[in-house]
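The values are calculated or read from the model by the stated rules, or taken from the named source; none is laboratory data. Please read these numbers as outputs of a predicted model, since none were measured by experiment. Glycine also receives a Cβ, built like all others from the backbone with ideal geometry; neighbour counts cover every protein chain displayed.
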Amino acid sequence: MTYDVIIIGGSYAGMSAAFPLVRARRSVLIIDGGKRRNRFASHSHGFLTQDGVAPDVIAAQAGVQLAAYPTLTWIEGNASRAEKGEDGFAIALEDGREFVGKRLILAHGLTDTLPEIDGLKERWGQSVFHCPYCHGYELDQGQIGVIGVGAISMHHALMLPDWGQTTFLPNGSFEPDANQVAQLAARGAVLETGTIAEITGRADVRLTDGRVLSFDGLFVASIVAPSSPIAEQLGCAIEDLPNGRQIVTDEMKQTSVPHVFACGDAARAAGSVPLAVGDGAMAGAACHRTLMFG
């Protein structure tokens, strides 16, 4: 069987992309590896009607609603290889299964690489975050630490004072110049140049000089990369970001390869559930348009 559309990734963007397609009674196959990017977080915020709901609850409810459409097929697995042929795109899974779709939507998300700081990874999504819009409000204007990974972390440090008293710890990743120091001061942020030894407690930073700085939450920019090799295998353009790489798309979410679309965190610089859902809806509708009109 050749599906109208194969969607790689069944998280928020992938499911959102599927809805306009199955509602147009198109055959859709979702291939999902079961690793949502926000699986470490206890609650999701800022998504209409779902503020404060656990991410797995949102995903499960969406999955149940989507499964009610008879033209949807969902399989668990990881896509490892893609080839473009006369009939569309042949997708091979790690376990050897193969499927063909006339169109392809990449919604597989990103892989986050965190700084090598003892205790940081264990607190990711719980007291260490990347998005202030998703998690800043719950810190209740408390003490916030921003851990630097490079000059890009200045953006984080200048944002966070809206959510609490902010301390910026470049941690040797770069040295703010005089203008940047002045910007931090203007925003009321404190600059701490000590080197981090480890993260302890909820969000306590122990420096190599023995001092311990206690925070209500920490923010850090991860290094990101598409979590699947499919886009590169097909020759889709990939662009470099200050903190990693992402798939290039046009305003309709089509990649540089015709009939291959990308949406969600893998194809936009900011990641959140609302943005992923909107991105997916656009990709699904735009993909359907090409099925109708070429």
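General observations
- Residue match in the range 274-293 (condition: buried (at least 21 other Cβ atoms within 10 Å of the Cβ) and among the hydroxyl-bearing types (S, T, Y)): no
- Residues of the range 85-113 that are crowded, with 18+ Cβ neighbours inside 10 Å, of a type in the set (G, A, S) and outside any loop (DSSP other than H, G, I, E, B): G88, G101.
- Of everything in the range 63-77 that is surrounded by 15 or more Cβ atoms within 10 Å (Cβ to Cβ) and in a strand (DSSP E or B), the residue that is nearest to the chain's Cα centre (by Cα) is W74.
- A single member of A13, A82, A59 is in the same structural domain as H259 (by TED's automatic domain parsing), touching a Cys at 6+ places or on another chain (Cβ under 6 Å), surrounded by 13 or more Cβ atoms within 10 Å (Cβ to Cβ) and within 30 Å of P242 (Cβ to Cβ), and it is A13.
- Restricting the range 198-217 to residues that are outside any strand (DSSP E or B) and free of Cβ contacts under 8 Å to residues at least 40 places away in the same chain leaves a set whose member that is nearest to N171 (Cα to Cα) is T208.
- Restricted to the range 19-56, and to residues there that are among the small types (G, A, S) and farther than 18 Å from L106 by Cα, the residue that is surrounded by the fewest Cβ atoms within 10 Å (Cβ to Cβ) is G52.
- Filter result for A231 (in the same structural domain as L106 (by TED's automatic domain parsing), out of contact with any Ser or Thr (no Cβ under 8 Å at 6 or more places or on another chain), over 21 Å from L160 (Cβ atoms) and not in a loop (DSSP other than H, G, I, E, B)): no
- Restricting the range 236-265 to residues that are under 13 Å from the mean Cα position of the chain (by Cα) and either among the charged types (D, E, K, R) or modelled with pLDDT of 95 or more (or both), the residue that is farthest from K102 (Cα to Cα): R245
- Of P274, P258, all but one fail to be assigned to a loop (DSSP other than H, G, I, E, B), on the phi < 0 side of the Ramachandran plot and of a type outside the set (D, E, K, R); the exception is P258.
- V128 passes every criterion in (1) of a type outside the set (G, A, S); (2) surrounded by fewer than 16 Cβ atoms within 10 Å (Cβ to Cβ); (3) not assigned by TED's automatic domain parsing to the domain that holds G77 apart from (2).
- Filter result (of a type in the set (S, T, Y) and modelled with pLDDT of 95 or more) within the range 1-60: T2, Y3, S11, Y12, S16, S27
- Residue list for the range 1-57, filter: more than 24 Å from K102 (Cβ to Cβ), under 18 Å from the mean Cα position of the chain (by Cα) and small (G, A, S): G34, A41, S42, S44, G46, A54
- Any hit, the range 218-229, residues being free of Cβ contacts under 8 Å to residues at least 24 places away in the same chain and over 14 Å from the mean Cα position of the chain (by Cα): no
- Verdict on S228 being crowded, with 20+ Cβ neighbours inside 10 Å, closer than 19 Å to A79 by Cα and among the hydroxyl-bearing types (S, T, Y): yes
- Scope the range 22-49; condition over 13 Å from S11 (Cα atoms) and outside any loop (DSSP other than H, G, I, E, B); matching residues: V22, R23, V28, L29
Let's see how each residue does on (1) touching a helix residue (DSSP H, G or I) at 6+ places or on another chain (Cβ under 8 Å); (2) exposed (fewer than 14 other Cβ atoms within 10 Å of the Cβ); (3) of a type outside the set (G, A, S):
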position	(1), (2), (3)
T208	no, yes, yes
N243	no, no, yes
K253	yes, no, yes
V260	yes, no, yes
